[in-house]
Structures are given as structure tokens and as C-alpha cells.
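J.: Handing you this structure, nothing more for now.
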Amino acid sequence: MSRYLLNKFLYTVDRDPELVERYRSEPRETVEWWEESRANAVLNCHDGEASTWLRFTAEERAALAGHDHVALFALGAHPFLTLTLFIAMFERDHGPLEYQKAYGARLAHFDLPYPDIAT
């Protein structure tokens with residue numbers, strides 16, 4: 001499991017409007033494409049720098065492909081990264097603050113201490 005890789009996915013997709021729309025409409029394909037082409041690129045660095053070992057686990061891939069923010073939180077994805085990306089994807093389908101309230105309600109069953117979100 002790599003919280004770093006989950007958070008990197010959320011961070012990089014959220015900053016590209018085309019990727020946000022692609023992830024919204026084709027989540028499984030976007031996750032597979034991103035893992036293959038972007039997962040090992042060095043974050044915020046020039047092209048040509050890359051690692052070779054970063055991969056999602058099957059559980060991480062399923063949570064990302066299913067837009068499952070509860071599972072992502074349980075896996076250690078940072079809730080602010082998930083929330084900002086999911087607002088960009090789904091807020092338009094709901095009334096004012098409706099999506100944010102539903103997001104929080106789905107996480108309400110978590111008790112302290114919360115899952116570790118440190119990378």
C-alpha cells in the first residue's frame with residue numbers, strides 16, 4: 001500500500017480539468033492509464049525523471065475506480081485531497097453544500113484515532 005501514490009493520484013488529477021472530467025466519466029480507464037503513464041513520474045519535476053516501482057494495490061485500484069472516498073480514507077488517502085477532487089467531479093449534480101454534507105456523513109462512522117494519512 002502506498003498512501004503517497006494515492007495522494008499523488010488525487011493531487012495530479014485534481015489539478016487538470018481534462019483529467020477531472022476523464023476520471024469522472026471513465027474512472028477505471030483513467031486509473032489504469034495514470035498508473036501506467038504517470039505514477040512513476042517525479043512530482044513537480046521536469047520530464048525525464050522517473051522511478052520504476054510505484055504501483056497501486058488491487059484494493060487501491062478498486063477504491064479509485066469506484067470513486068469510493070470512504071475506502072480511500074480507510075486506506076490513508078488525505079481527506080482534503082479526496083474532497084477537493086470529488087467536489088470538482090460531483091458537486092454539479094447536487095444542491096449547495098449537499099455533496100459536502102453527504103461526503104461527511106459517509107465518513108461519520110470513523111472514530112478517533114482516524115486512519116493514518118501521513119505519507
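The numbers here are math on the coordinates, done by the rules we state, and not lab data. What you are looking at is a predicted structure, and each value in this text was computed from that prediction instead of being measured. Cβ sites come from the backbone with ideal geometry, for glycine too, and all protein chains shown count toward neighbours.
J.: Please order Y103, Y11 by the number of other Cβ within 10 Å, starting at the fewest.
T.: Ordered from fewest to most neighbouring Cβ atoms within 10 Å, Y103, Y11 come out as Y11, Y103.
J.: Could you line up L107, L81 from fewest to most neighbouring Cβ atoms inside 10 Å?
T.: Lowest count first: L107, L81.
J.: Of E60, E26, E18, how do they rank once you tally other Cβ atoms within 10 Å and put the fewest first?
T.: Taking fewest neighbouring Cβ atoms as first place, the list is E18, E26, E60.
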